[in-house]
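Encoded as structure tokens, the structure appears first; notes follow it.
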Amino acid sequence: MSKIDDLAKLILDDVMADFLEKDLGSDALSGEYIGVAVATLESKHCAQGSYSRVDFDLALKQLETNGYVKTGPMVPYENQPGSQVLIIAIFSKREFVYLTEKGYKAAQKTTQRPNVPGTTTHISDSTFYQSPIGIGGAVNQSTSFKMDNESDVIEYLFKLLSQHGLASGEQGKKGVAELVNTAKTGDLGKAKPIFQRLFAGAKENVKQLAWAVITAYVSKQLGL
């Protein structure tokens, strides 16, 4: 399976999660609804360096070609005043991505959301939910918090680091706070080195989960 195929599955899973979060009916799959912002998806999958913007564009195009997703909003072509040629057409401004019925069925077959083994994780623009998760010697049946709560985001990321033996004590929590405070400005380029330092020893799925939490939190802060 190619790198583009892998990214296409990740994007489709994000669009599916957004559809479920909005609690829409099946009729929405045959029309246009406001889905996930393209900028949010691109930031999530490209900021960490695993994928390039070209990879993202090709993956999204692949999903559109397969009929799994559509983009919008659709707007009419604006003809220049006084032009001798009248063009009648509509095109997508590609501001958001939304799910089709075909895409819904495909997303149900396989999901690629970043998960810690043995957990079920769902991240939306507003809420994080994970169940169950082991922290230290205990296992909590669920972890849930609002993505606009900075202290909750810091606490979760710190526990994630602690769980995998990557940080402890006040110094560790200060490092996580520095990461979150830097990221919330919207400059993920500055946040990335801090993230790499903190999560250098983590497994790839843990890195993906942590970065997904950060990008979702930043998107919420920026109103994306």
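Points to keep in mind about this one:
- Residue check, ALA39 touching a helix residue (DSSP H, G or I) at 6+ places or on another chain (Cβ under 7 Å), modelled with pLDDT of 75 or more, closer than 29 Å to VAL218 by Cα and not in a loop (DSSP other than H, G, I, E, B): no
- Condition check for VAL116 on (1) of a type outside the set (Phe, Trp, Tyr); (2) surrounded by 13 or more Cβ atoms within 10 Å (Cβ to Cβ); (3) modelled with pLDDT of 70 or more: one failure, at (3).
- Whichever residue in region 21-36 is under 29 Å from LEU188 (Cβ atoms), surrounded by fewer than 20 Cβ atoms within 10 Å (Cβ to Cβ) and at pLDDT 85 or above and, among such residues, is farthest from the chain's Cα centre (by Cα): TYR33
- Of the residues VAL176, VAL153, the single one that is under 23 Å from GLU21 (Cβ atoms), part of a helix (DSSP H, G or I) and either among the hydroxyl-bearing types (Ser, Thr, Tyr) or modelled with pLDDT of 70 or more (or both) is VAL153.
- Taking each residue of region 185-207 that is within 18 Å of ALA39 (Cα to Cα) and looking for partners that are open to solvent by 70 Å² or more (accessible area, probe 1.4 Å) and assigned to a helix (DSSP H, G or I) with beta-carbon atoms closer than 7 Å, six or more apart or interchain, yields GLY186/LEU222.
- If you go through region 48-66 and keep only what is open to solvent by 30 Å² or more (accessible area, probe 1.4 Å) and touching a residue at least 24 places away in the same chain (Cβ under 8 Å), you end up with GLN48, GLY49, TYR51, LEU58, GLN62, ASN66.
- Residue match in region 19-34 (condition: among the hydroxyl-bearing types (Ser, Thr, Tyr) and touching a strand residue (DSSP E or B) at 6+ places or on another chain (Cβ under 6 Å)): yes
The values are calculated or read from the model by the stated rules, or taken from the named source; none is laboratory data. Please read these numbers as outputs of a predicted model, since none were measured by experiment. Please note: Cβ atoms are built from the backbone with ideal geometry, for glycine as well, and neighbour counts cover all protein chains shown. Only protein heavy atoms, including side chains, enter the accessible area calculation; ligands, DNA and RNA are left aside. Shrake-Rupley method; radii C 1.70, N 1.55, O 1.52, S 1.80 Å.
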